[in-house]
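The values are calculated or read from the model by the stated rules, or taken from the named source; none is laboratory data. Predicted model only: the values in this text are computed from it and were never measured. Positions of Cβ are backbone-derived with ideal geometry, glycine not excepted, and every protein chain shown enters the neighbour counts. These accessible areas exclude ligands, DNA and RNA; they are computed on the full protein's heavy atoms, side chains included. Shrake-Rupley method; radii C 1.70, N 1.55, O 1.52, S 1.80 Å.
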Amino acid sequence: MRGANSAKWLAGAIVVALAATACSSGGDSDSGNGDNESSKARYVSINVGEPQKGIIPADTNESNGGYILDALFAGLLTFDEKGGIEYLNAESISTEDSKTWTVKLKDGWEFHDGTPVTAESYVKAWNWSAHIDNAQQNAFWFADIAGYEDVHPAKEGAKAKADTMSGLKVVDDTTFTIELSEALPYYEYKLGYSTFAPLPEAFHADPKAFGEKPIGNGPYEFEKWDHDKLIQVKAYADYKGANKAKNAGVQYKAYSTIEAAYQDLLSGNLDIIDQVGPTDLAKYEQDLGDRAIAKPYAAIQTLVPAFYSKTFKDIDPKVIQGLSMAIDRDTITKTVLQGTRTPADGWVAPGAQGKQTLDTDIFTYDADKAKQLIKDGGGVPGNKVFIQYNTDGGHAEWVTAVCNSITKATGVKCEGDAKPDFATDLEARDNDQVKSMYRGGWLGDYPLNGNFLKELYHSDAESNNGRFSNKNVDEAMAKADAAEDLDSYVKAYQDVEKELINYMPAIPLWFYEMNGGYGEKVDNVDIDWHGQYKLYDVTTK
Amino acid sequence: MGHYVARRLLQMIPVFIGSTALVFLMMYALPGDPVRALAGEQYSDPTQIAALKAELGLDKPIWWQYWDYLTGLVQGDFGTQIASRRPVAEVIADAWPVTVQLALFALVFTTVVGVALGIVAGLRPDSFRDRALLGLTLVLVSMPSFVLGRLAQYFFAFQLDLVEPNVSLDENWNELLLPATVLAALSLAYVARLTRTSIAENLRSDYIRTAIAKGLPRRRVIGVHLLRNSMIPVVTFLGTDLGTLMAGAVVTEGIFNIHGIGSLVFDALGHREGATVVGVVSLIVIVYLICSLLVDLLYAVLDPRIRYV
């Protein structure tokens, strides 16, 4: 009797347990390796994590999604290592007055669903992307085009007045014109950004579904997306561009930590690693030999004074020059950053056209001169500076080192102002709550020096969070933007950069270097101007 | 018993509401705007941010958001991720099975090995093997799981070449054995020690002496009389352990690159994906609640004197 009773209770308990853990542990397990084809070309794998959002060109602005975009879409043009233009889908892009641009497309290109890539594929996609109702992250990239104000009014809460921008006109199947609201000699460069990719008709039927299963016109065709784990693309056989895939496809694998990815690289389960974590930096060149990659690219780290803060309000630029000279860039990049950065010698990063060596010593460590400059400039108010940074990005170590360097050289007290994550850090910048300086970082959108100057230091620039404002600089930039051709544009911005020495809108610290590597089963691995792998070039052994 | 279970299940409702409200408030109290953060260092259009917030209901006061969340939950809607716009239910359903599998493996390992070790040691208190067990468990208890995980990875994957260092995307069950063992290590030590002490104590009790005096075979004395009574504290521990194991998987999943609940919560916290965090935490709370209910019910099986009305 008692036994039966216990059994009944136990059964009851089991039922509850089963109900609680009722979950399908099945799931399909065919996350194949993709190498079932007998040909020698294999799939290449790389640790690129889950994109933030669906794959839509105008809504992707982070590097994970950017990698997938570059594989699936081929825009009008791309850039070579020296910052020059290489046409992809464009046959030619021409202008006479830098205001109206005529784009001719190559013949016979098609999307992966077989529909042709036409002028309409571009114009319709850009109009959709710029429209305020579609709330695309990169909509502002279309702001130069005439009629942008009508589809994307600047005033909060305003409704769009038109569905299309008046500046975009389809001439015939393979030709369209772009009219800008103002002449921009370098406009062609902007078109290299992945936001300007064409979209097939299928996109407009259901953009959200498209983001999950994108159809592009690029070297690779979308295969599958196993969320938070893997995205797989395969080489598109009929691709006509110069960057045709030399491998069978790419697997973008998400890893929970950089260290885990590195271990998979060592054990041969991963072909390419996009970043070596701090714990492995000391030994990765030893581990990988000549398969280790250490190469600079077009990105810079700066300290940006908040010109509204108590510390830097109405400051004499000499003080900022002094602070700059108090930072021992050589030692910090070598020791704390383990040689993963190159000391900066200007505001423009390598890889961008117009990068120059400035004739100045303000980027060289000199404690005596630093002290003198700060004294001459009237000193730092309160004799103390703060450096705001986010703790989730591995910045704490170098911020401490920079602070120590400043204090040791000049006696100015310096303290890190830690924010728990990037979101909080940005919030403080947006709301003008930076105590004195913040850690700035900039990765080039297109390889021209103007991109590193105007977007950051023009009074009206959106990313000018230090609120630096100087009439002379603004005027010089306006003049440069009105240059006749690209060469004079680049030269004019070189002059702007030289002038910045007198104003110090930010203290350049160092240029980024890509620290990656690859395994024994692949070859021809290299990075492009903004630090991304040229995966289409990678061959398998 | 039916009444008892029903009452316990009803009691779960306020606990559940309280805990989710707490997590909800904590997420809300964190500084930083997830929608703004999507734009990163780039320009972000305030109109667009406002529109996205309105669409996701993030512009309402917190109590309103919480009410929306609860009412959605009742209808099986866990909310939507801010960045990807994927339903949170789908995201969790992707990550949940592997963590449950991992935690169950760890639980089985803990139970079988832990109890076995505890019996072996407890039957001969203060012998050499008892001291050896105490030493071993001391090491396990004091070693953080990330150290143990890295060590295991180093020896088994790189030195002995027995396994791959990371769990592959297929998440085969045999790949989960090493991470499960690492995850179980701490609980294993506790279970072994609890069993050992309980057995050693009960060994000296009257009913065991009686059982031996009755001339029962040793196997029956230990297997039924001794073990059944000694298991009560162990079962109590194991019951809450499943929830702990799932929550503790954050570290282990990171080391072995398992795409489960642990890495999901970690990422979601970093990106301020409130709905995802609250969703996962709610599920773990439910597991805790159900496990403790199970433990209470199992008491009656182990000790028939316990009755629920």
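When the listed pairs A:Lys99/A:Lys498; A:Lys318/A:Lys413; A:Lys104/A:Lys213 are checked against a 26 Å cut-off, the alpha-carbon distance exceeds it for A:Lys99/A:Lys498; A:Lys104/A:Lys213.
A DSSP coil position with no more than 11 other Cβ atoms inside 10 Å describes none of the trypsin sites (Lys or Arg not before Pro) in the range B:117-174. Rounded to the nearest 20, the size of the Cβ-charge dipole of the range B:64-200 about its Cα centre is 700 debye, with Lys and Arg at +1 and Asp and Glu at -1. Note on A:Ala154/B:Glu90: beta-carbon distance plugged into 1/(1 + (r/R0)^6) with R0 of 45 Å gives a FRET efficiency of 0.80.
Would you calculate a helix-derived [θ] at 222 nm for chain A, using -39,500 (n - 2.57) for each DSSP H run of n ≥ 4 and dividing by the full residue count, to the nearest 500?
Working: 18 runs with 163 residues, N = 541.
So the helix-based figure for chain A works out to -8500 deg cm²/dmol.
If the reach is capped at under 12 angstrom between alpha carbons, list the aspartates and glutamates near A:Lys106, excluding any in the same chain fewer than eight residues apart. Candidates past the 8-residue exclusion: A:Glu91, A:Asp173. Using a cut-off of 9 Å between beta-carbons, work out the net charge of the residues near A:Asn47 (Lys and Arg +1, Asp and Glu -1, A:Asn47 not included). Computed value for this residue: -1. Any idea which of A:Leu426, A:Val380, A:Gly441 is furthest toward the positive side of the dipole for the range A:367-452, if Lys and Arg beta-carbons carry +1 and Asp and Glu beta-carbons -1? Towards the positive end, the residue furthest out is A:Val380. With a ≥ b ≥ c the root eigenvalues of the C-alpha gyration tensor of chain B, is it rounded (a/c under 1.5), prolate (a/b larger than b/c) or oblate? Because a/c hits 1.5 or more and a/b fails to exceed b/c, chain B counts as oblate. Taking chain B as the reference, fit the longest principal axis to its C-alpha atoms, fit the long axis of helix B:227-256 to the helix C-alpha atoms, and give the angle between the two in degrees, 0 to 90, nearest 10. It is inclined by approximately 40 degrees. Accessible surface computed residue by residue for chain A, with neighbouring protein chains in place and a 1.4 Å probe, gives 41 Å² per residue. Within the range A:78-115, the GluC sites (Glu not before Pro) that combine a DSSP coil assignment with at most 11 other C-beta atoms in a 10 angstrom radius are A:Glu96.
Would you please classify the overall shape of the range A:296-431 from the alpha carbon gyration tensor, given that a ≥ b ≥ c denote the square roots of the eigenvalues, rounded means a/c under 1.5, and beyond that prolate means a/b larger than b/c while oblate covers the rest?
rounded
Other residues lying with their Cβ under 11 Å from the Cβ of A:Gly382 contribute a combined charge of +4, Lys and Arg counting +1, Asp and Glu -1.
Taken about its Cα centre, the protein assembly as shown carries a charge dipole of roughly 5340 debye when the Cβ of each Lys and Arg holds +1 and the Cβ of each Asp and Glu holds -1. Here the scattering of the range B:137-244 is modelled by Debye summation over its C-alpha atoms, one equal scatterer each and no solvent; at q = 0.14, 0.16, 0.19 Å⁻¹ the log10 of I(q)/I(0) is -0.72, -0.82, -0.95.
Given B:Tyr308, A:Thr78, B:Pro179, which one lies farthest toward the positive end of the charge dipole of the protein assembly as shown, if we put +1 on the Cβ of every Lys and Arg and -1 on the Cβ of every Asp and Glu? Positive-end residue among those listed: B:Tyr308.
Here the accessible area is traced with a 1.4 Å probe on the protein chains. For the protein assembly as shown, carbon and sulfur cover 56 percent of it.
Restricting the calculation to alpha carbons of the range A:387-437 gives Rg and Dmax of 11.5, 33 angstrom.
Taking the Cα centre of the range A:72-157 as reference, the dipole from Cβ charges on Lys and Arg (+1) and Asp and Glu (-1) amounts to some 40 debye. Here each label is just a point 7 Å from Cα along the line to Cβ, and for A:Lys169 and B:Trp64 those points are 4.7 nm apart.
Calculated accessible area for the range B:91-176 comes out at 52 Å² per residue, all protein chains present (probe 1.4 Å; ligands, DNA, RNA ignored).
So what's the net charge close to A:Ala401: Lys and Arg +1, Asp and Glu -1, counting the other residues with Cβ under 14 Å from its Cβ? Could the numbers behind the result be given before it?
Working: positive: A:Arg329, A:Lys334, A:Arg341, A:Lys408, A:Arg439; negative: A:Asp328, A:Asp330, A:Glu397, A:Glu415.
Neighbour charge sum, excluding A:Ala401 itself: +1.
When the convex hull of its Cα atoms is viewed from all sides, the range A:410-490 shows a mean projected area of 7.4 nm². Candidate membrane-span-like segments in chain A, meaning DSSP H helices with Cα atoms spread over at least 24 Å of their own axis and a Kyte-Doolittle mean of 1.6 or above, do not occur, with no membrane implied either way. Calculate how steeply helix B:128-142 sits against the longest principal axis of the alpha-carbon atoms of chain B, using the helix alpha-carbon long axis, and give the answer as 0 to 90 degrees to the nearest 10. On a 0 to 90 degree scale, this one is about 10. Taking a ≥ b ≥ c as the square roots of the eigenvalues of the alpha-carbon gyration tensor, chain A is classed oblate because a/c is 1.5 or more while a/b is no larger than b/c.
Students sometimes get this wrong: rank A:Glu415, B:Glu253 by accessible area, probe 1.4 Å, all chains present, largest first. All intermediate terms of the calculation are to be shown ahead of the outcome.
Details: A:Glu415 85, B:Glu253 0 Å².
Per-residue accessible area, sorted high to low, gives A:Glu415, B:Glu253.
Projecting the Cα positions of A:Ala292, A:Ser324, A:Pro116 onto the charge dipole of the protein assembly as shown (unit charges on Cβ atoms of Lys, Arg, Asp and Glu, taken about the Cα centre) puts A:Ala292 furthest along the positive direction. Straight Cα distances below 17 angstrom link A:Lys541 to the lysines A:Lys40, A:Lys246, A:Lys521, with same-chain residues fewer than 8 positions distant left out. Once A binds B, the 1.4 Å probe can no longer reach about 5100 Å² of accessible area, counting both sides. For A:Glu86, nonlocal amide neighbours, meaning residues 5 or more places apart or on other chains whose placed amide H falls under 5 Å from its own, are A:Thr78, A:Phe79, A:Asp80. Listed by chain and number, the aspartates and glutamates whose alpha-carbon sits under 18 Å from that of A:Lys471, ignoring those within fewer than 8 places in the same chain, are A:Asp314, A:Asp316, A:Glu455, A:Asp460, A:Glu462, A:Asp481, A:Asp495, A:Glu497, A:Glu499.
Name the trypsin sites (Lys or Arg not before Pro) in the range B:188-275 that are in a loop by DSSP and that have at most 14 other C-beta atoms within 10 Å, would you? Please report the intermediate quantities before stating the final value.
On the way: sites: B:Arg193, B:Arg196, B:Arg204, B:Arg209, B:Lys214, B:Arg218, B:Arg219, B:Arg220, B:Arg228, B:Arg272; in loops: B:Arg204, B:Lys214, B:Arg272.
Filter output for the range B:188-275: B:Arg204, B:Lys214.
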